[in-house]
Amino acid sequence: MINDIVTAVPEALELVIESIAAGGDGVARRDGMVVFVPRTAPGDRVTAQVTRERRMARGQVQRIEVASPDRAVPACPHYEGERCGGCQLQHLTLDAQREAKRHIVQDTLRRIGRRTIGLPSIRAAGSPWRYRERLSLALRRRADGSWYAGLHSRDDVNTVFELKDCHITDERVVVLWRQVMEAADGLPGAQQLRGTVRSVGDRGVFTLEGGASWDAAETFAGRLAAFDHLWWVPEGGRRRRIGGTAAANSAHGGFTQVNPAVAREMIALVLERVLSYEPKHVLDAYAGAGDLSTSLHARGVRATAIELDEDATAYASARLSSPSRALAARVEDVIARHLPADVVVLNPPRSGVDARVTAALESAAPVPKAIFYISCDPATLARDLARMPSWEIRNVMAFDMFPQTAHVETLVELTRTVPA
């Protein structure tokens, strides 16, 4: 019986996988216990080594007894060979991945947000492969002093394997990463660093995080001929430019979507829905480089863009003029001062919004006609919606921004139908 299982003594059990959980694990049920089994598909019948962990259990597949028709052969050799943690769903067909994400959004809003919705539709654009225009990798120094760059194994966060290729990343980004590694002998004197490469066409932007000092920074930057912007975030310090030109004078180096094709479709839909309310003033919170605000301003709508990053705000300001404006500030510190607004757009990071933001929207007077919340994490989205009981969900749309992974982008349209 699974209820008798203890952590020290795993037991081989036969399980039927019913669904996919947030995070990408398959879900089975046995004797009243939920069992999470990585790299499985709905409809699989597997034998797994199962270990109980408090009120749930985890399993590792030993053998697939009956394979689900939703299974696919992973395209990337790292997925199984090094147990890469960057993707979670390569073993599923694309249709099965998207169906799983629809259910993840619906289930998370119900469990955490106490919101009952129908199964949302999901949109996609472009290719499910080679779509990433930004790739962050862990940098590790070998015993001989050389460096390698890679990703973490899914079942061991302390293990970083050397990445040869990433099949969901644009080949231009992979080529740019190779140029970084050719100059790696000029990196700071540390054992562990983190780097991010982003492509703008065939040109690159590189950001390095970590290290206390970097005497060879300018020399390193000079060796990266294909890069227009290079940034360094030292330990405990602020980001500083080590090469290239000012970000405000060209496309901003940090605030772009990983999957531009899907992002364009999503922002186009947000713009269409926002304009349907015929707003005079839109508050664009967590505005990034201000793309939505710029589009609204071009259509005669006053936009107030709020973004913490000063470089992104500078770039947004350069594209806006009065009465629209861009502010460099924490949204929670200033949102109350910039209400009322006819429509509010929230596009926060994965951590969601501060409780002061939802409190301000709950008490706003006059009440906005609508709130649009764009989320890359259904769990924090659901938490934030639970803090806004007087706002009702009018529509939910999922976007397959990150094929082959368990991540999903969600757009929620809210209107006030309950008195505050």
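The values are calculated or read from the model by the stated rules, or taken from the named source; none is laboratory data. A quick note: this is a predicted structure, and the numbers were derived from the prediction, not measured. Cβ: placed from backbone, ideal geometry, glycine included. Neighbour counts: every protein chain shown.
In table form, for the structure just shown:
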quantity	calculated
Where a residue in region 49-74 is free of Cβ contacts under 8 Å to residues at least 24 places away in the same chain and its partner, wherever it lies, is among the basic types (Lys, Arg), with Cβ under 6 Å and at least six apart	Val66/Arg45
Region 112-128, residues that are crowded, with 16+ Cβ neighbours inside 10 Å and hydrophobic (A, V, I, L, M, F, W, C)	Ile112, Ile122, Ala124, Ala125
Residues satisfying the stated conditions in region 291-315, i.e. in contact with a Phe, Trp or Tyr (Cβ under 9 Å, 6 or more places away or on another chain) and over 21 Å from Thr207 (Cα atoms)	Asp291, Ile306
Region 403-420, subset at pLDDT below 95 and in a loop (DSSP other than H, G, I, E, B), residue surrounded by the most Cβ atoms within 10 Å (Cβ to Cβ)	Ala420
Yes/no for Glu310 being surrounded by fewer than 17 Cβ atoms within 10 Å (Cβ to Cβ), of a type outside the set (Val, Ile, Thr) and at pLDDT below 95	yes
Asp400, sole failed condition from (1) of a type in the set (D, E, K, R); (2) farther than 30 Å from Thr40 by Cβ; (3) crowded, with 20+ Cβ neighbours inside 10 Å	(2)
Yes/no for Ala212 being more than 27 Å from the chain's Cα centre (by Cα), outside any helix (DSSP H, G or I) and not assigned by TED's automatic domain parsing to the domain that holds Pro403	yes
Wholly within region 268-334, helices (runs of 4 or more DSSP H) carrying at least 1 residues that are among the β-branched types (Val, Ile, Thr), outside the structural domain of Asn347 (by TED's automatic domain parsing) and in contact (Cβ under 8 Å) with a residue 12 or more places away in the chain	none
Residue match in region 88-109 (condition: over 26 Å from Phe399 (Cα atoms) and either of a type in the set (Ser, Thr, Tyr) or without any contact (Cβ under 8 Å) to a residue 12 or more places away in the chain (or both))	no
Unique match (being assigned to a strand (DSSP E or B), within 19 Å of the chain's Cα centre (by Cα) and surrounded by 17 or more Cβ atoms within 10 Å (Cβ to Cβ)) among Leu139, Leu135, Leu109	Leu135
Selection from region 337-357 of residues that are surrounded by fewer than 23 Cβ atoms within 10 Å (Cβ to Cβ), within 27 Å of the chain's Cα centre (by Cα) and part of a helix (DSSP H, G or I)	Ala355, Arg356
Qualifying residue in region 153-161 (condition: over 30 Å from Glu392 (Cβ atoms), touching a residue at least 40 places away in the same chain (Cβ under 8 Å) and buried (at least 18 other Cβ atoms within 10 Å of the Cβ))	yes
Criterion (under 21 Å from Pro128 (Cα atoms) and touching a Ser or Thr at 6+ places or on another chain (Cβ under 8 Å)) met by exactly one of Gly43, Gly23, Gly85, Gly59	Gly85
Qualifying residue in region 55-78 (condition: surrounded by 15 or more Cβ atoms within 10 Å (Cβ to Cβ), on the phi > 0 side of the Ramachandran plot and not assigned by TED's automatic domain parsing to the domain that holds Cys166)	no
Test: residue in region 389-409 that is closer than 18 Å to Arg115 by Cα, touching a Cys at 6+ places or on another chain (Cβ under 6 Å) and either among the charged types (D, E, K, R) or touching a residue at least 24 places away in the same chain (Cβ under 8 Å) (or both)	yes
Answer from Ser121, Ser146 - the residue that is polar (S, T, N, Q) and either touching a Gly at 6+ places or on another chain (Cβ under 9 Å) or touching a residue at least 60 places away in the same chain (Cβ under 8 Å) (or both)	Ser121
Failed item in (1) surrounded by fewer than 18 Cβ atoms within 10 Å (Cβ to Cβ); (2) within 19 Å of the chain's Cα centre (by Cα); (3) part of a loop (DSSP other than H, G, I, E, B), with Lys164 passing the rest	(2)
Unmet criterion (only one of (1) closer than 30 Å to Gln90 by Cβ; (2) surrounded by fewer than 19 Cβ atoms within 10 Å (Cβ to Cβ); (3) not small (Gly, Ala, Ser)) for Arg330	(1)
Unmet requirement for Leu208, which otherwise passes all of (1) modelled with pLDDT of 95 or more; (2) surrounded by fewer than 18 Cβ atoms within 10 Å (Cβ to Cβ); (3) hydrophobic (A, V, I, L, M, F, W, C); (4) within 22 Å of Asp309 (Cα to Cα)	(2)
